[in-house]
Structure formats: C-alpha cells, structure tokens
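Below is one structure, written out as structure tokens; comments come after it.
Coordinate-derived values only; no laboratory data. This is a predicted model, so every value here is computed, not measured. Positions of Cβ are backbone-derived with ideal geometry, glycine not excepted, and every protein chain shown enters the neighbour counts.
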Amino acid sequence: MNVFSDFRDVVQADIKALQDAGSLPADLNASRVAVDPPREAAHGDLTCNAAMMLAKAAGMKPRDLAELLAVRLRDHPQISDVEIAGPGFLNLRLNEDYWRDHLRDVLAAGAAYGDSDMGAGEPVNVEYVSANPTGPLHVGHARGAVFGDVLASLLDKAGYAVTREYYINDAGAQVDALARSVHWRYSEALGAVSGDMPEGLYPGDYLVPVGKALAARDGARWQDQAEDEWLAEFRQLGVDAMMAQIRDDLAALGIEQSVFTSERALVEAGMVDAVVETVEGQDLIYVGVLEPPKGKKPDDWEERPQTLFRASNFGDDSDRPLKKSDGSWTYFASDLAYHLDKYRRGFKTLINVWGADHGGYVKRVAAGVEALTGGEAELDVKLCQLVRLLEDGEVAKMSKRAGTFVTLRELVDAVGRDVVRFIMLTRKNDAQLDFDLVRVREQSRDNPVFYVQYAHARSHSVARMALEAFPDADFSVAAARGANLARLTDSDELQLIKTIAAWPRTVEGAAEAHEPHRLAFYLYDLAAAFHALWSRAREDASLRFVVADDPELTQARMALVLGVRTVVASGLRVMGVEPVDELRA
C-alpha cells in the first residue's frame with residue numbers, strides 16, 4: 001500500500017507496453033525510474049523521472065518520451081491529470097476517490113499499515129550501546145541505545161530479519177581496573193581500607209553493593225591473597241555485576257537485546273587467530289614499524305616492530321597494528337574477530353551504532369570487514385553526537401551517583417521512558433542534541449513528544465464526542481470502513497489523507513537510509529496537519545469532526561480521525577513509545 005511504489009509499477013507497466021508496441025526500444029533498463037512526492041504540492045501528487053532516465057538510451061528527447069507515457073497514463077482510471085514539466089518530468093494528480101479508497105485500506109490494515117517486504121527477510125545485525133562494563137550507562141549512551149533500538153524496529157517493519165546485539169568489551173586493561181576497583185570496595189566493606197580510592201580505579205559508588213555482597217559471601221578469604229590469585233575472579237564478578245545493571249537500565253528504557261557477545265570469549269575461542277589466518281592468506285599482514293602520525297600520537301602507535309594489517313589497501317589512512325610488540329592483541333584485532341564472527345553467523349549487513357568519539361576508528365574497521373569478507377559484508381557505522389543536558393536552558397544539575405556523569409537511569413527516572421525515547425530522535429544522529437528537562441514536560445507545539453501524543457489523545461476525545469452526539473451509532477474501525485467517504489470533500493481533509501498515505505514510503509526510506517529520526521519528523525508533520533484541521537473547525541463549524549445534525553458526515557470524518565490514530569500509534573510503537581488515550585496536565 002505504498003502509493004509511490006504502486007504507481008512506479010504503473011509507469012513501468014506502461015513502459016513495457018510501449019516496448020511491446022515498438023514505440024520504445026526493447027532493451028531499455030527502467031530500474032532507475034522513480035515516482036516521488038513533488039517538491040511543491042501545487043505540482044500534483046506524484047512526480048516521475050522516467051523520461052529523464054530513459055531518453056538517452058531510447059535515442060529520444062525527454063519531452064517526446066514523456067508525451068508517449070503521458071498519453072497512456074491519462075487513461076489510467078485513478079489518474080485525473082498528467083502534466084509534463086521542465087525538461088520532461090511527469091507530474092501526476094490522482095483523483096479524489098483514490099485517496100478516499102486509500103483511507104479504507106489504511107483502516108483495514110490497522111497496525112500493519114506501513115509494513116513492507118522490502119527487506120525480503122535479509123538478516124541484519126544491529127549492534128548498539130556496547131558500553132564498557134565498567135560502570136553504569138550515562139546520558140550519552142541513552143542516545144545510541146534509542147537510535148539502535150528504533151532502527152532495529154524500523155528494519156523489522158521494513159521486512160528484514162533483525163538481530164539486536166550488545167558487544168561486551170570484557171578483555172583488556174579496563175576490566176582489570178574494574179577488578180581492582182571491586183577488590184578495593186570489598187576491602188572497604190571489610191574495614192581494611194577507607195578514604196579515597198587509589199588513582200586509576202573507578203570511584204563511583206555503584207561498586208559499593210558489589211563489594212559488600214562479596215564480603216558477606218566470602219568473608220576475608222581474598223583479603224591477603226596476591227593479585228594474581230583473585231584478579232580473574234574479581235574481574236568476572238565485576239563484569240557480571242555491571243552487565244546485570246546495564247541490562248536493568250536498558251530495560252527501564254524499553255530495550256531488550258537478544259544477543260550479548262563477549263570479547264574475552266571470542267579471543268579465547270581463537271577468533272583472533274582466524275582473523276590472522278584470513279588476512280595472511282591475502283598477503284595483508286606483515287611486521288613493520290609505523291611512521292609516527294602528525295599531531296597527537298594514537299594509543300596504538302609504537303616505534304617498534306609490530307604485526308600490521310594493510311588497512312591502507314582498503315582506503316584507511318595507514319596500516320593498523322594487530323599485535324603489540326609485547327605479543328598481546330590490540331583492541332583492533334579483537335574488533336575484527338567480532339566482525340568476522342558476525343559474518344560467519346550469516347550477517348552480510350552489519351550496522352554499528354557508536355559514539356561520535358569513535359569517528360576515527362571507522363575506516364580501519366571498515367577496511368578489516370572488507371578484507372575478511374571479500375567485500376560481501378556491508379558495514380554501516382552510525383555515529384551519535386553528544387547530548388547536552390539542560391534545565392530550562394541552563395546546564396542541568398542532577399545527582400551523579402556514578403561519580404563523574406549523569407546516568408541513563410537518572411534521566412529515565414526524571415522524565416519517563418517515552419519522553420527519553422522520542423526526544424532522542426528529534427535530531428539526526430550526527431547532530432548534537434539538547435535535552436531540556438523542563439521543556440520536554442511542556443504542553444506546547446514546541447514540545448514534539450507532547451504534540452504527537454496529543455494528536456493520538458485528541459483522536460480519542462473526538463470519538464468520545466461523537467458517541468455523546470450519537471449514542472446509538474457505531475464508530476468502530478469496521479464501521480468507518482463502510483462510511484460514505486465521498487462526504488470528505490474539503491481540501492484539508494484530502495490533504496490529511498495524503499499525509500497519512502506517506503507513512504509506508506517514510507518507513508521504507510528511513511529503513512533504507514538507516515535514519516530512524518525520519519519517523520519523529522513525519523509524526524510531527526502528521527500531528528500538525530491533524531491539529532490544523534481541528535483549529536480550522538473551531539472557526540468554521542461546518543468543518544467540525546462531529547456535526548450534530550449529520551451522522552453520515554460525522555461517520556466519514558471519524559474514519560479520517562481513525563486513520564490518523566492508526567498511523568500515529570503505529571509510528572510511536574516503532575519508536576518504542578506507548579500511545580496515550582488521554583493527556584493530563
């Protein structure tokens with residue numbers, strides 16, 4: 001029920017008919033023909049680039065080819081007018097009955113309206129959050145968490161087989177520091193240490209309960225042991241405790257990922273060795289000394305011989321170390337092992353959602369994925385910019401239980417899950433986002449989450465008014481489908497149907513571009529069109545949704561209201577936001 005793809009099929013069928021008739025060459029490739037919304041509504045309902053795409057191959061002038069198509073398209077029963085614009089664009093207007101019938105289709109489809117088979121069941125791996133398990137999630141993580149989760153839901157609606165995944169960075173120096181931090185809190189619980197934590201440990205009080213639980217369970221068992229006796233045990237205890245808290249915090253945000261992959265487990269299973277074997281077979285690994293980079297030296301640069309991957313062969317700025325001079329694997333080597341593991345699990349479309357501070361890491365991982373998969377896997381890294389937390393325009397001052405930052409859980413507790421999820425999608429992921437704790441609670445048009453929720457709540461208010469006016473009438477969706485929709489004649493009513501009809505295209509376009517923020521933008525526009533029609537009716541009684549002396553017109557307008565409700569609810573649920581039936585101050 002995608003208007004634009006449906007009429008693309010119509011145009012392509014007419015191209016085929018012209019080919020069969022000998023009016024166009026039989027070998028024309030029409031795959032690039034597109035039907036889109038016009039830039040200006042005055043130009044019609046649809047615009048088609050067929051003449052522009054095919055004219056050169058057909059040996060014709062674009063306007064001549066456009067006229068051939070226009071003759072056929074004018075005979076289509078759902079097309080009321082065809083104009084040729086500019087060098088050869090086809091602008092189409094659809095008749096009013098088409099739009100009214102489309103509204104019936106929306107009501108019949110219900111929550112499934114906008115579902116697409118575009119993905120054809122293709123497996124897609126969306127890896128998001130993946131914060132180091134060394135402390136609670138913070139506000140910055142919330143943005144990537146929402147972005148990744150809604151992108152996964154969007155891809156699912158577009159017909160892909162989506163796996164939501166979290167990569168646990170549980171190997172390396174940071175988890176050893178976590179283990180030492182847990183040991184310090186354990187010793188503190190026993191009364192063996194006090195005061196400030198030593199430098200290099202994690203000072204937040206989130207590890208206090210872990211230390212107390214361990215002291216209660218094991219007493220002084222570990223107190224006088226050498227570090228190599230307790231490090232592995234405390235490392236695992238710390239990771240398990242942090243991941244339990246991370247899962248709990250994500251659940252509070254409405255996020256449940258199905259797969260959690262351990263970096264340590266991959267290394268121990270020999271996946272890094274598999275990476276080395278794969279690139280060795282392609283002569284992509286060697287021992288060498290990297291040139292010192294200009295400016296600040298990165299952490300993985302050493303002026304000593306290292307085992308290097310020829311990342312520069314695949315567009316990276318330089319080759320990258322897989323093994324340090326001390327024989328230990330680099331983080332990059334582990335990350336390549338993880339991506340190879342995903343590919344071997346059957347994923348050729350890999351989407352990683354990272355913080356903006358990882359921007360410099362993208363090229364090397366993309367180079368590794370291309371080498372390891374022979375170019376079969378496609379990696380798309382979406383970088384999420386910073387979130388600035390404000391309170392009525394000023395930098396927010398909230399409690400910082402974690403010691404150095406505002407936690408995700410504190411944000412959810414402060415404003416609610418639905419608000420967090422919606423607001424995180426009101427800017428494109430690569431733009432900085434301001435999150436104002438006061439303004440997200442305002443009941444105004446400037447607060448997008450309220451404005452969209454209000455549209456859903458208002459649809460229920462209209463339904464209640466209709467039942468009050470006609471207590472014996474049936475205003476169900478089933479009844480609305482049978483309403484006399486020919487009574488919908490106002491230009492704004494028809495335009496609202498056209499806005500509703502843009503939902504399937506929005507889903508497919510957002511899924512294809514991996515841009516879930518488009519859903520929030522679309523829902524705001526739909527809500528605005530609905531509220532505008534309501535406002536017009538306050539000044540012109542003939543446009544009211546409920547017309548006291550005209551049950552037939554009321555029924556038709558209730559069908560329009562239910563169409564708005566259907567799409568708003570569908571969009572909010574893809575965003576992980578619960579639609580509300582009533583708003584209270």
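Annotation for segment 85-181: trypsin sites (Lys or Arg not before Pro) lying in DSSP loop with at most 16 further Cβ atoms inside 10 Å of their Cβ do not exist. Net charge dipole, the chain: roughly 720 debye, given to the nearest 20, about the Cα centre with Cβ charges of +1 for Lys and Arg and -1 for Asp and Glu.
The GluC sites (Glu not before Pro) of segment 334-399 that meet both conditions, a loop assignment by DSSP and at most 13 other Cβ atoms within 10 Å of the site Cβ, are 376.
Across all directions, the shadow cast by the convex hull of segment 456-585 built on its C-alpha atoms averages 8.5 square nanometres.
Placing a pseudo-label 7 Å from each Cα along the Cα-to-Cβ vector at residue 5 and residue 550 gives an inter-label distance of 3.7 nm. What helices does the chain hold that run 18 Å or longer along their axis, going by alpha-carbon atoms, with a Kyte-Doolittle average of -1.0 or more, using DSSP H for the helix calls? Passing helices, by number: 3-20, 96-109, 139-157, 173-189, 227-252, 331-344, 448-469, 517-539, 551-574. Straightening the chain between residue 386 and residue 460 buys 22.9 nm, computed as 0.36 nm per residue apart minus the Cα-Cα spacing.
The P(r) of segment 20-137 has a tail past 20 Å containing 61 percent of all C-alpha pairs. Among (1) 1.00; (2) 1.18; (3) 1.09, only one was calculated for this model; which label is it, if the read-out is Cα Rg over 2.2 N^0.38 Å? Given (1) 1.00; (2) 1.18; (3) 1.09, the structure-derived one carries the label (2). Got a sec? Charge dipole of the chain, +1 on Cβ for Lys and Arg, -1 for Asp and Glu; which of 466, 580, 1 is way out at the positive end? Result: 466. The modelled label-to-label distance between residue 286 and residue 20, using points 7 Å beyond Cα along the C-beta direction, is 6.0 nm. Across segment 3-94, the relative contact order, built from alpha-carbon pairs under 8 Å that are at least six residues apart, equals 26 percent. Annotation: the antiparallel percentage among DSSP beta bridges lying fully within the chain is about 50. By the count of other C-beta atoms within 10 Å, a proxy for reagent exposure, 415, 150 are ordered fewest to most as 415, 150. Okay, which of segment 114-150 sit inside 20 Å, backbone N to the point 7 Å along the Cα-Cβ direction of residue 208? The answer is 134-138, whose backbone nitrogens lie closer than 20 Å to the label point. Positive end of the dipole of segment 448-574 (Cβ unit charges, origin at the Cα centre): among 537, 480, 521, the Cα lying farthest that way belongs to 521.
Across segment 173-252 the C-alpha pair distances fall into 10 Å bins from zero in the proportions 19, 54, 23, 3 percent. Looking at segment 164-264, the GluC sites (Glu not before Pro) that sit in a DSSP loop and have at most 10 other Cβ atoms within 10 Å of their own Cβ are 199, 256.
Helical content alone sets the calculated 222 nm signal of the chain at -15500 deg cm²/dmol, taking -39,500 (n - 2.57) per DSSP H segment of four or more residues and averaging over every residue. Here the calculated FRET efficiency for residue 535 and residue 81, from their Cβ-Cβ distance with R0 = 35 Å, stands at 0.70, rounded to the nearest 0.05. Given their separation in residues at 0.36 nm each and the Cα-Cα distance between them, residue 486 and residue 438 gain 12.8 nm when the chain is fully extended. Hull volume per residue, based on the alpha-carbon atoms of segment 1-66 and their convex hull, is 88 Å³.
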